[in-house]
Amino acid sequence: QYQILGLAVFTTGGESLGRITDILPTGSNDVYVVRGEDSEVLLPAISQVIREIDVAGGRMVVELMEGMR
């Protein structure tokens, strides 16, 4: 988890969503809390959403599903 916290999050289209500020454990999968300048997005840690994690590069690429905003 310490490697995930603080990563910059981008959509597959290149839009910046903010940074991961918290990780919420749930029964089936974790949920990443992403805070931007004026928004917050909750991302389930599932392969349909999380497309790429680049710890060395400090970024994560995600595919937003309908209703995630």
Original post:
Can you tell me which of Gly27, Gly14 is assigned to a loop (DSSP other than H, G, I, E, B) and either touching a Lys or Arg at 6+ places or on another chain (Cβ under 6 Å) or modelled with pLDDT under 95 (or both)?
Top reply: Gly27
Subject >> Condition broken by Asp38, with the remaining ones in (1) part of a strand (DSSP E or B); (2) out of contact with any strand residue (DSSP E or B) (no Cβ under 9 Å at 6 or more places or on another chain); (3) not hydroxyl-bearing (Ser, Thr, Tyr) satisfied >> reply: (1)
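Within the range 42-54, take every residue that is in a loop (DSSP other than H, G, I, E, B) and not small (Gly, Ala, Ser) and give me the one that is farthest from Thr21 (Cα to Cα).
We begin by selecting, within the range 42-54, every residue in a loop (DSSP other than H, G, I, E, B); these are 45-49.
When the remaining residues are screened for being not small (Gly, Ala, Ser), the result is 46, 48-49.
Details: Ile46: 18, Gln48: 21, Val49: 17 Å.
Among those residues, the one meeting the criterion is Gln48.
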**OP:** Filter the range 55-69 for residues that are open to solvent by 50 Å² or more (accessible area, probe 1.4 Å) and part of a strand (DSSP E or B) and give the result.
**Re:** Arg59
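The values are calculated or read from the model by the stated rules, or taken from the named source; none is laboratory data. Everything numeric in this text was worked out from a predicted model, so none of it was measured. In this analysis, Cβ positions are derived from the backbone assuming ideal geometry, glycine residues included, and neighbour counts consider all displayed protein chains. Just so you know, the surface numbers come from the protein's heavy atoms only, side chains and all, with ligands and any DNA or RNA stripped out. Shrake-Rupley method; radii C 1.70, N 1.55, O 1.52, S 1.80 Å.
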